[in-house]
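Worksheet for the structure shown next.
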Amino acid sequence: MRTPIDLYQRQRGFFWEVYESGEPTPWPSTEPTPAVSRLAHLLQRRKGGGRVLDMGCGEGRHTLLFAKAGYFTVGLDYLAAPLRTVAQKAEKAGLAPRIRLLLGDALLPPFKSGSFDALVDCGVFHHVKKADWPIYLDRVLGLVKPGGYFHLTVFSTKFKHYPGERRTRNWQVHRNHYDHFFVKRDFARIFSDRCEILTIEEEHEGLNGFFHVLMRKCPTNVRSADEGRRC
């Protein structure tokens, strides 16, 4: 059954309210994730230039990171308020020439296939319903060049919205937004026919529970259930 469009509309409204409130966001928005910082260093060592897409960039903590590392970086978000914040930070840091900011939908990305050497998704995929995963795999992952890198940060099943929260399934609609919760074996099942999984890091502190997954896009789509396979 396809995702009702009103769910995504309500989800967008939730994030709009958070940003327009003027209060600090309840998720990290300033310092880069250590796993993404390591990817930036890896790209510097191996490529020395290229294009990076920060999908669902929010207030730009990773957009700015890659631009500072010397990459032309595109920050895509479907809300204007966080993009204005990124633009202000980029101008202040002298990074604006290396950054392009776009207002758009992650499932309708305005780019050609294979446009980027690396793609970072910190917090988009776990808000996409399972029925729409094929769209994500085709349209979003398709933006990565063969041999390029794909970083994913998503909720683990250890994530809690509040102390004592109990769930009986791996997804829920919470405060008008959809959340999917993952276990380690999910990533091979979802991505291994398109990517080589390089590292899976699990973060768990307090209520927070995340997986940080680094993958490399394979030259061809050869189906495999082996998490450790090589492209």
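The values are calculated or read from the model by the stated rules, or taken from the named source; none is laboratory data. Keep in mind that this is a model prediction, so the values were computed, not measured. Every residue, glycine as well, gets a Cβ built from its backbone with ideal geometry; the counts of neighbours run over all protein chains shown.
Some values worked out for this structure:
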| read-out | value |
| --- | --- |
| Filter result (under 20 Å from residue 179 (Cβ atoms), surrounded by fewer than 16 Cβ atoms within 10 Å (Cβ to Cβ) and in contact with a helix residue (DSSP H, G or I) (Cβ under 8 Å, 6 or more places away or on another chain)) within region 112-141 | 133 |
| Failed item in (1) without any contact (Cβ under 8 Å) to a residue 40 or more places away in the chain; (2) in a helix (DSSP H, G or I), with residue 107 passing the rest | (2) |
| Enumeration of residues in region 88-104 that are assigned to a helix (DSSP H, G or I) and surrounded by fewer than 16 Cβ atoms within 10 Å (Cβ to Cβ) | 88, 91, 92, 93, 97 |
| Every pair of residues 6+ apart whose Cβ atoms lie under 7 Å, when the first sits in region 128-142 and is free of Cβ contacts under 8 Å to residues at least 40 places away in the same chain and part of a helix (DSSP H, G or I) while the second is surrounded by 15 or more Cβ atoms within 10 Å (Cβ to Cβ) and of a type in the set (A, V, I, L, M) | 135/107; 136/107; 136/128; 139/107 |
| Check on residue 164, part of a loop (DSSP other than H, G, I, E, B) and surrounded by fewer than 15 Cβ atoms within 10 Å (Cβ to Cβ) | yes |
| Of all residues making up region 199-230, the number that are charged (D, E, K, R) and either within 21 Å of residue 33 (Cα to Cα) or at pLDDT 95 or above (or both) | 6 |
